[in-house]
Amino acid sequence: MVSLRDAAWTAESVWPLKTPSTRQESNVDKVLGGLLVPGFDERTCHSRYSSVFYRKNVTRLPSPHLIKRLRKQEALQRRCGPGTEAYRAATARLQYRHRVGVNDTTNSACKYVVLVPYRGLGNRMLAVASAFLYAMLTDRVLLLDRATSLSDLFCEPFPGTTWLLPRRFPIKNLQNLTGEVKESYRNLVQNNSAASVSGLGYVFVDLDHTCTYHDKLFYCDDERQFLYRAPWLVMRTDGYFVPALFLNPAHQEELDRMFPRKDAVFYLLAHYLFHPTNKVWGLVTRFYNSYMRNSDEKLGIQVRVFDGDTPFKHILDQILACTSQERLIPEVVTQEPIMLPPPSTTGARSKAVLMTGLSSWYYENIRWKYLQSATVTGEVVSVYQPSHEEHEFSGKTTHDMKALAEMCLLGMTDAIVTSGWSTFGYVGHGLGGLTPWVMFKPENLTTPDPPCRRARSMEPCMHGPPFYDCRAGHGADTGKLVPHVRHCEDMSWGLKLVHPE
Ligand code: GDP
């Protein structure tokens, strides 16, 4: 993982972007059933109101209560965000207490959660979505540490304010904070020092997937009894912790009202929050219009390899076994037909296969397979891959832009195969509202048998879940406590939301 910022992006801009003509503007709900607020300047962020034209129907609509909570959060972000008197006062108090440790219990009207996202882009997007939901549940303003490229990738989601933490923030080196600091939640819990929260100025919550038992007690925290005294929470996380929020009795009622359907939480949060900037959206739309738009069907295959960057035959075998077993791409004929129909009369169905991955080797093999032989069904299969970066350089702007563009393109397919354990894949299928076929992570460099299975929901998996029953106050199998939080298909100890049938 490298933390570089590269030279300014030079691709020419393409305003106005054309939208696919198949869906007429007038029939399309650009604000996604009230999820988005109208009135943003469309030119500064084309994707916000036009991404709907590139997707199938909106899979899940927001509940009236979620819409109400989003509008309330927007008002809070505007009232307390950077540039306001409330923000100035809150940072001044933080600076003052932080330096001299004064036990000032001034009740600040505005409370904040500062998120420090890190690792790859998939990790960071899941972290942002989770922290945003936490902020809504606890009436806090969400601000993002700007150390990574997020500001080059995403438009502002809240009207009339910014979600980026101003550079002149009193706590320095946010990226280097760990659970060891005296302000950490772990420390407060271990020393039973909840009373000292108000004297600290801020509380640091470490939710790295490797965090400790004491850090994870945060997931049982009832904000009304403890953390409400901390106007500033600094949170460091690299993943999706929403399933743990659904296990906390303090949030259950509100979450039930916000999300009557439990399997589209990330889908709705992501469509509310993540609007690619025009540069990224240009990559997405140009690729889509060139290679995907005219096909009858689109299949996404996301290949993420955790054993190294070199190509592995067992992974190619796994992709082919999965797509064949699940009948996602037609088989090829072993013998060419003697007579071929003239091109104009074939009327053959076309299937675009969008592959993503750091290596081009899997794509080249699959593409060659379908160039070399015809399909048994007569379908025309075209295989594409937008980039092959070879290595991960997370934090480097152009690299991250390509990653985001590819996640968006995966979300524009009709069906998707993803690699288990990959947050990149979770975001890809989550954006599309697609329940994926998940390829199991190979062990001992061997193709797993079965190679993949259909997931139970389109939700991402939480990799570092708590193993504690908040209600009972003891350790438990948290995948068995409520019907809508279950273990993941790709990670047996992970947790994900499902909608109980
Ligand atoms: P995870 O590691 O699979 O959970 O996903 P992350 O997105 O958190 O981190 C992997 C990073 O590697 C991505 O953010 C990209 O920077 C890069 N990467 C991995 N797979 C791909 C891919 O298919 N396409 C592109 N462009 N980048 C990728």
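For the reader, a short list of remarks on this structure follows.
- Average Cα contact separation per residue, region 105-198, under 8 Å, 6 or more apart, as relative contact order %: 23 percent
- Alpha-carbon Debye profile of region 342-444, log10 I(q)/I(0) at 0.11, 0.12 Å⁻¹: -0.41, -0.48
- Cross-link check: pairs K56/K396; K279/K496; K68/K496; K72/K262; K298/K496 evaluated at a Cα-Cα cut-off of 28 Å; pairs beyond the cut-off: K56/K396; K279/K496.
- Heavy-atom accessible area with a 1.4 Å probe sorts Y219, Y213, largest first, into Y213, Y219.
- For region 144-185, the solvent-accessible area of protein heavy atoms averages 44 Å² per residue (probe radius 1.4 Å; ligands and nucleic acids excluded).
- Remark on the chain: C211, C408 stand apart, with no other cysteine beta carbon under 4.7 Å.
- Span from the region 345-375 Cα centroid across to the region 404-450 one, whole angstrom: 18 Å
- Net charge, G464 excluded, C-beta distance under 12 Å - Lys, Arg +1, Asp, Glu -1: -3
- At an R0 of 60 angstrom, the distance between the Cβ atoms of S151 and T334 translates into a FRET efficiency of 0.70.
- Theoretical gain in end-to-end length, T210 to S290 [0.36 nm per residue, Cα-Cα removed]: 24.6 nm
- Per residue value of the accessible surface for region 248-292 (all protein chains in place, 1.4 Å probe), Å²: 31 Å²
- With a 1.4 Å probe rolled over the protein heavy atoms of all chains, the accessible area of R454, R43 falls in the order R43, R454, largest first.
- Ranked order, W232, W437, W361 - accessible area, probe 1.4 Å, largest first: W361, W437, W232
- Spin-label model distance (nm) - V482 vs R168, 7 Å beyond Cα toward Cβ: 4.3 nm
- Summed over all non-identical Cα pairs, the Kirkwood treatment of the chain gives a radius of 23.9 Å.
- Within the accessible area of the chain (1.4 Å probe), percent carbon and sulfur: 51 percent
- Accessible area (Å², 1.4 Å probe, nearest 10) - C155: 10 Å²
- Simple spin-label estimate for S382 and E501 gives 3.6 nm between the two label positions (7 Å along the Cα-to-Cβ direction from each Cα).
- Taking every alpha-carbon pair under 8 Å whose residues sit at least 6 apart, the chain reaches a relative contact order of 18 percent.
The values are calculated or read from the model by the stated rules, or taken from the named source; none is laboratory data. Every value quoted in this text rests on a predicted model; they were computed, and no experiment measured them. Here the Cβ is made from the backbone with ideal geometry for all residues, glycine too, and neighbour counts use every protein chain on show. Ligands, DNA and RNA are stripped out before the accessible areas are found, and what is left, the full protein with its side chains, is counted by its heavy atoms. Shrake-Rupley method; radii C 1.70, N 1.55, O 1.52, S 1.80 Å.
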